[in-house]
Amino acid sequence: MPHNFPGECWAITDHAAGNQRQALALAEQMGMPVRHLVLSPRAPWSWFSPRLALGGRLALPPAQRATFAAPWPRLAVGCGRSAALLTRLLRALTEGYCHTVQILDPRTEPTYWDTVIAPRHDGLTGANVLNPLGSLNPVDDAWLADGRDASPALEYLPRPRVGVLLGGPRAGMRMDADYAQQLIDSLLARRQREGGSLLVLASRRTPAAVAEVMRTALHGIPGLLWIGPDDGNNPYPGVLGWADRLVVTPDSVNMLSEACAVGCPVHTLVAGTLPAKLARFHASLRQAGLLHDLDASAPAQQMPLRETAMMATAVRHRMLASPL
C-alpha cells in the first residue's frame, strides 16, 4: 500500500488551466488532504520568478500572503513559473520539513527544489529530476468510466466515434481557417469510407475562424460540436471515455498526453514545421507507437501513456528517503 504522510499537500498554481491540471493530478495521487492555492507574485518578483527569492513572502500581495502561511504543508506541488518561486520559498521557510515538487522546467538550477518533474523534451537533467514522456494528468480507467457515466448518450452515436480535440496557434505554428478546412476535409473523407460520428471539441485557445469552419462542415454529420459554455457543459471526459479514435491538433503537449492516456489510437495533422521542443515530444510519442499521422492506420488499441501514478510513487520514495 502507498505510504500516507501526515499533513497537507498544497497544490500551488497560477490561473492557467494546464498548470492547475498537472499540479492537482499529482497532488491527488499522493493520498494526502489537498489544498489548492492560486497565487500570483507581484512585480518585481513576477518578472524574475523563480530566480528572485529575496524578500520571501513579500513577493505576494497582502491578501495572498495570509493564505501562504503556517501551518506549513508536508508536501507542496507547484506547476508553472509563478508557482516555482513559491515552492522554492517553502523549502527555506519550513527548514526542509516541506518536500517541494516543481512540475515543468523552472528555468534555473533544479537543486532549489527537492524534486523537479520536467518532460523529456525539456532536456532538463539532474539527480533530483524526474523525466516523464508527457504531461501529468488525471486520465485513468476510473476517470474514463466517470466520463462515460456523465455522457451516456454518446454511447449511441455511430461507431467509430472519432473525438477531435482542437487547440490553438502558438509561437511558430499557425492554426487558422485553412488548417481547419484541411483537417475537416480529411476527417470527412475518412468518415465517408468508414461511417461513424465526429465529436469535435474546441478549447479556450481555438480561434473563432477555426470553430466556424467546423460548425459549417459538421452540419448534418452525426456527433457533436462543443465550442464553449454556450453549447452546454464541456463533454471532454465523455468524449475521451467513449472515443474509438482520437484526433488532436499538434500544438498542445497536455492534450496529446491526455489523449495518449486513453488507450485508443491517437492521430494528428501537422502543417508546417513544429518548434524544436514540440517536435522532440512528437518524435518521442511516435517512437513509442502512441501517435500517428491523420490518415495512417493504427491498432484498435494501444498501451495507454499513464505516468502520473508512477511520478507519485517516485515522489513518495523520495520523501521517505529525505530526512526531516
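Against the test of being touching a helix residue (DSSP H, G or I) at 6+ places or on another chain (Cβ under 8 Å) and of a type in the set (Gly, Ala, Ser), the options 153, 208, 243, 202 yield a single qualifying residue, 202.
Taking the range 263-284 as the range and being under 19 Å from the mean Cα position of the chain (by Cα) and under 12 Å from residue 247 (Cα atoms) as the test, the residues that pass are 264, 265, 266, 267, 268. Quickly run through the range 89-133 and pick out the residues that are basic (Lys, Arg), more than 21 Å from residue 16 (Cα to Cα) and in a loop (DSSP other than H, G, I, E, B). If the condition is that a residue be basic (Lys, Arg), more than 21 Å from residue 16 (Cα to Cα) and in a loop (DSSP other than H, G, I, E, B), then no residue fits.
Scanning the range 152-183 for residues that are touching a strand residue (DSSP E or B) at 6+ places or on another chain (Cβ under 8 Å), over 19 Å from residue 254 (Cα atoms) and in a loop (DSSP other than H, G, I, E, B) turns up 157, 158, 159, 160. Answer yes or no as to whether residue 213 is closer than 17 Å to residue 251 by Cβ and more than 25 Å from the chain's Cα centre (by Cα). Taking the combined requirement at face value, the residue satisfies it. The residue of the range 285-324 that is nearest to residue 268 (Cα to Cα), among those that are more than 16 Å from the chain's Cα centre (by Cα) and among the polar types (S, T, N, Q), is 297.
When residue 290 is tested against (1) touching a residue at least 40 places away in the same chain (Cβ under 8 Å); (2) touching a helix residue (DSSP H, G or I) at 6+ places or on another chain (Cβ under 7 Å), just one condition goes unmet, and that condition is (1). Restricting 88, 81 to those that are over 16 Å from the mean Cα position of the chain (by Cα), outside the structural domain of residue 286 (by TED's automatic domain parsing) and either of a type in the set (Ser, Thr, Tyr) or over 24 Å from residue 285 (Cα atoms) (or both) reduces the list to 88. Quick check on residue 249: is it closer than 23 Å to residue 189 by Cβ, among the polar types (S, T, N, Q) and in contact (Cβ under 8 Å) with a residue 60 or more places away in the chain? So residue 249 passes the test. If you go through the range 266-287 one residue at a time, do you hit one that is surrounded by 19 or more Cβ atoms within 10 Å (Cβ to Cβ), under 22 Å from residue 148 (Cβ atoms) and in contact (Cβ under 8 Å) with a residue 12 or more places away in the chain? The answer is yes; a qualifying residue exists.
The values are calculated or read from the model by the stated rules, or taken from the named source; none is laboratory data. Being a predicted model, the structure only gives us computed values, none of them experimental. Cβ: placed from backbone, ideal geometry, glycine included. Neighbour counts: every protein chain shown.
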